[in-house]
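Novice: I am attaching a structure below and will ask some questions about it afterwards.
The values are calculated or read from the model by the stated rules, or taken from the named source; none is laboratory data. Model, not experiment: these values are computed from the prediction. Using ideal geometry, Cβ is built from the backbone for each residue, glycine included, and neighbour counts are taken over all protein chains shown. Accessible surface areas use protein heavy atoms only, side chains included; no ligands, DNA or RNA. Shrake-Rupley method; radii C 1.70, N 1.55, O 1.52, S 1.80 Å.
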Amino acid sequence: MDVYISGGGASLAATPVNGVAPYTYQWSIEQNANLFFASSSSQAISGSSTDATVNITVNNPDGFGSAYLWKCQVTDSEGRKASGYFMNAIAPV
């Protein structure tokens, strides 16, 4: 089974391939890599982190560049697991 993550901006969607429905989803924030300086930026998953599509928010008040690695682990009805990742970069202002 594979998982593809699409989106950007304010939402991300996980699409499982070659698994057996129904699926369960678990979203998480794997990494906040500040690209330039210490940053007070933050990120969050809005709503349920167990849906195929989630809304995300990124707060970058100090204007430094940051990168966020979002992960979705999907489990199919036979217990097989796969993870997909999405990197969201915020340019410095």
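Residue-by-condition table, conditions (1) within 17 Å of Ile5 (Cβ to Cβ); (2) at pLDDT 85 or above; (3) open to solvent by less than 50 Å² (accessible area, probe 1.4 Å):
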residue: Asn34; (1), (2), (3): no, no, no
residue: Ser39; (1), (2), (3): no, no, yes
residue: Gly63; (1), (2), (3): no, no, yes
residue: Leu69; (1), (2), (3): yes, no, yes
residue: Arg80; (1), (2), (3): no, yes, no
residue: Gly84; (1), (2), (3): yes, yes, yes
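Novice: Contact list please: Cβ distance under 8 Å, first residue in the range 11-24 and under 9 Å from Glu78 (Cα atoms), second residue open to solvent by 70 Å² or more (accessible area, probe 1.4 Å) and not β-branched (Val, Ile, Thr), pairs at least six apart or on different chains.
Specialist: Gly19/Glu78; Gly19/Arg80; Val20/Glu78; Val20/Arg80
Novice: Is it the case, given these coordinates, that Gln26 is at pLDDT 70 or above, touching a strand residue (DSSP E or B) at 6+ places or on another chain (Cβ under 8 Å) and either assigned to a strand (DSSP E or B) or open to solvent by 60 Å² or more (accessible area, probe 1.4 Å) (or both)?
Specialist: Here the answer is yes, as Gln26 does meet what is asked.
Novice: Report the residue count in the range 41-56 for those that are in a strand (DSSP E or B), at pLDDT 75 or above and open to solvent by 30 Å² or more (accessible area, probe 1.4 Å).
Specialist: Number of matching residues: 2.
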